[in-house]
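Contents: one structure, followed by commentary.
The values are calculated or read from the model by the stated rules, or taken from the named source; none is laboratory data. Just so it is clear, the model here is predicted, and its values are computed rather than measured. All Cβ positions, even for glycine, are placed from backbone atoms using ideal geometry, and neighbour counts span all protein chains on display.
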Ligand code: MG
């Protein structure tokens, strides 16, 4: 029986993780769940259904306390960080955004295994997190990183030629002119069902950019050894190319159940976690290079990662603000990455700070968010 803590339980990954628990009651016990608290009914229902002993929320704590008199409710901005350090077998960090960094650090420092779906933890704070991590302490949940991790099993790091991340290409893979893209079009992802921010990040390929930075930290390889390729079917989740010219790929239908189940049940595989590929039907898997002109986010991410220090955190924070501005209709789709690029340029005009601790990350992010909001006001007016 694996004792699991789920941070971000009401989000897309959290809900799917609980489905895996529900399907395998003999394998998992949910000790604690946390959420922002914007959907208190769902959080309460989850706590009741899984007999959770501890719940963490940022808002609506009184409502949740009333509904769950026998449950310990921890509230406030630090609730997930506090709960991530509780003794358990694995913490699933399924929080969206760089606010997931504090809980990531807390889980690692407490010696817990960490199933990591929160890529921003490593994008913004990879230099802080990775030196503390023991072998196999972080279990990747991001499907590409889960794939690479699986493709690395039984091989030597020195034999790796490169990592190849696959990208669906998003809804605009074949669209030449991205100037008139609407919010609904950007939210209609062809193969993956995800939260709104990740979906917009997939449409701009920002998500792939963030994942390249994530891969750099997770697998300790230079950016020159990490590539991305368009694979519209999203069945090959990523690949590792070795020095002998052999490429090992991991393939399964596009859903997150497989990666989540592998991470929370490591080193075991969970029977039936996801439906396998149906070989009785004809199918085609295609691959194509990324058009860097239409999707500049990938090269920009690589650049920020290569410069390092606080620049990836700045890059990510700026993107979070710009995506929110796109969702509320303040700026156009094709202004998202160009606005992020302008912010990155602003910082590169000065000295880019290094990050010593979590408060450094928070401070630089706040600064980047302010500068981005200011720039958006200018762009939008
Ligand atoms: Mg991914």
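Residues in the stretch 110-119 that are away from the ligand (no atom under 16 Å from the Cβ) and not in a strand (DSSP E or B): 110, 111, 112.
To keep it simple, each residue is scored yes or no on (1) within 15 Å of the ligand (Cβ to nearest atom); (2) buried (at least 24 other Cβ atoms within 10 Å of the Cβ); (3) in the same structural domain as residue 355 (by TED's automatic domain parsing); (4) in contact (Cβ under 8 Å) with a residue 40 or more places away in the chain.
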residue: 90; (1), (2), (3), (4): no, no, no, yes
residue: 101; (1), (2), (3), (4): no, yes, no, yes
residue: 121; (1), (2), (3), (4): yes, yes, no, no
residue: 130; (1), (2), (3), (4): no, no, no, yes
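Yes/no per residue for (1) touching a residue at least 40 places away in the same chain (Cβ under 8 Å); (2) farther than 27 Å from residue 195 by Cβ; (3) out of contact with any helix residue (DSSP H, G or I) (no Cβ under 6 Å at 6 or more places or on another chain):
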{"site": "273", "(1), (2), (3)": "yes, no, no"}
{"site": "281", "(1), (2), (3)": "no, yes, yes"}
{"site": "290", "(1), (2), (3)": "yes, no, no"}
{"site": "306", "(1), (2), (3)": "yes, yes, no"}
{"site": "334", "(1), (2), (3)": "yes, no, yes"}
{"site": "352", "(1), (2), (3)": "yes, yes, no"}
{"site": "361", "(1), (2), (3)": "yes, no, no"}
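Is it the case, given these coordinates, that residue 94 is outside the structural domain of residue 195 (by TED's automatic domain parsing), within 16 Å of the ligand (Cβ to nearest atom), touching a strand residue (DSSP E or B) at 6+ places or on another chain (Cβ under 7 Å) and under 30 Å from residue 306 (Cα atoms)? When the stated conditions are applied, residue 94 passes them. Those helices (runs of 4 or more DSSP H) of the stretch 1-109 in which 3 or more residues are out of contact with any helix residue (DSSP H, G or I) (no Cβ under 7 Å at 6 or more places or on another chain) occupy 12-23, 40-49, 61-67, 79-84. Selection of the stretch 262-310 for residues being part of a helix (DSSP H, G or I) and modelled with pLDDT under 95 yields an empty set. Taken over the stretch 132-143, the criterion of being over 18 Å from residue 264 (Cβ atoms) and either within 15 Å of the ligand (Cβ to nearest atom) or touching a strand residue (DSSP E or B) at 6+ places or on another chain (Cβ under 9 Å) (or both) is satisfied by no residue.
Filtering the stretch 172-202 to residues that are in a loop (DSSP other than H, G, I, E, B) and closer than 13 Å to residue 328 by Cα leaves only 182.
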